[in-house]
Amino acid sequence: MKMKKYTAATMPEAMIQIRRELGKDAVILRTKELTSGGFLGLFKKKRIEVIAALDQQDAKSNSLIERKPAISNAMPLEIKETNNAETDLAAEMAALKKELTSALSNQTRHYALPLQGLYDRLLHNEVHPQIASGLMERLLEDAASKDVEQVLLDTLVKRFEKVQKPAQFEKKFIHLVGPTGVGKTTTIAKLAAKSALVDKKRVAFITTDTYRIAAIDQLRTYAKILEVPLEVAYSLEDYQAAREKLAAYDLVFIDTAGRNFKDSAYVKELERTLDLQHDAETYLTLSITTRASDLSEIYDQFAHLPIKQFIFTKLDEASRYGGILNLIQQAHIGVAYLTHGQDVPDDIIAPSASHLARRVMEATARA
């Protein structure tokens with residue numbers, strides 16, 4: 001890996017230097033505008049500082065895989081202005097190594113047909129480029145003289161099979177957590193209705209979503225329809241009292257408040273108001289309409305909780321399902337349920353590995 005800092009009057013001049021010294025496969029890691037000289041804020045000279053790098057191993061990679069021109073794919077990254085123009089380059093280079101590895105892994109690759117079509121489909125469905133590239137490498141090894149689409153489907157099925165487990169409640173207290181607007185309350189109603197009407201379980205509700213009156217009213221309506229009790233908990237003490245009161249029931253579904261997923265205080269508040277450890281299961285509920293990159297960030301916020309499985313909602317509103325594959329690769333846990341629509345107790349399924357694999361390979365949504 002070769003990295004170097006360049007300074008020039010303009011970006012085109014810097015690009016000429018970079019191409020001459022590092023070649024056409026160089027990657028722009030950072031750009032920054034520098035100013036110097038001047039008098040009373042006037043007549044300052046502006047220059048461009050560019051940090052570029054070349055992965056020498058990738059530059060020598062075999063001809064089966066061709067990268068797009070690295071310069072056009074690179075994204076300039078902002079860094080804070082500094083008055084010290086003599087920043088230690090070696091220290092800065094060390095700090096950028098991790099970013100370079102990530103940047104290189106995210107570059108779009110080119111494959112021979114028909115693999116290119118499958119690769120483009122995966123990227124369109126928001127499968128992470130590194131995961132998509134790994135799948136293509138497997139196809140290059142295994143798909144000679146075969147139906148490559150079927151081989152890819154079989155490969156995805158095997159990946160899902162590693163983490164998929166039967167959707168069943170093994171504990172009494174079932175928590176649904178997740179950001180606001182993903183449909184936790186409706187999903188809880190679907191799960192409770194199925195448990196009561198199909199599985200003949202005695203069910204009850206607890207809600208800790210006391211920030212939205214509408215959420216309490218919605219769950220109270222479902223409780224009346226199902227003729228099951230509902231307890232409202234404003235604190236950990238209320239929650240513990242509700243658990244004791246409903247201890248005789250087979251399953252108690254707990255609706256939790258949703259907040260901005262970037263607010264780490266929200267997750268800490270969950271731990272202060274819920275007992276997620278004793279006779280309890282926790283399911284992270286996510287909308288598949290959320291961008292794949294945001295799904296990863298959401299999981300990171302909740303990852304320290306004892307998440308048993310994912311529940312993905314709003315499949316009827318989605319057109320891309322690659323975020324499901326990204327998350328199971330990241331978290332190594334499976335998907336308990338998929339929901340689509342508002343009908344209770346319908347519009348919910350426990351997916352198989354093959355069902356999830358087909359979803360990930362779809363080009364457009366279907367309910």
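Couple of notes before you dig in:
- Shown for the range 173-351: the carbon plus sulfur share of the solvent-accessible area, taken with all protein chains present and a 1.4 angstrom probe, equals 48%.
- Solvent-accessible area of M15 with every protein chain in place, 1.4 Å probe, in Å² to the nearest 10: 40
- A dipole drawn for the range 173-351 from +1 and -1 charges on Cβ atoms has a positive end, and of A292, T180, A331 the residue lying farthest that way is A292.
- Close amide H pairs (under 5 Å, H built 1.01 Å from N) link D209 with A257, residues at least 5 positions away or on another chain.
- Rounded FRET efficiency, nearest 0.05, which uses the C-beta distance separating I349 from L236 and R0 of 35 Å: 0.55
- For L34 and A303, a Förster radius of 45 Å and the Cβ-Cβ distance give a FRET efficiency of 0.70, rounded to the nearest 0.05.
- Between Q168 and D142, the FRET efficiency from the beta-carbon distance, with R0 = 30 Å, is close to 0.35.
The values are calculated or read from the model by the stated rules, or taken from the named source; none is laboratory data. Computed from a predicted structure; not experimentally measured. Cβ coordinates were reconstructed from backbone atoms using ideal geometry, including for glycine residues, and neighbour counts include every protein chain displayed. Accessible surface areas use protein heavy atoms only, side chains included; no ligands, DNA or RNA. Shrake-Rupley method; radii C 1.70, N 1.55, O 1.52, S 1.80 Å.
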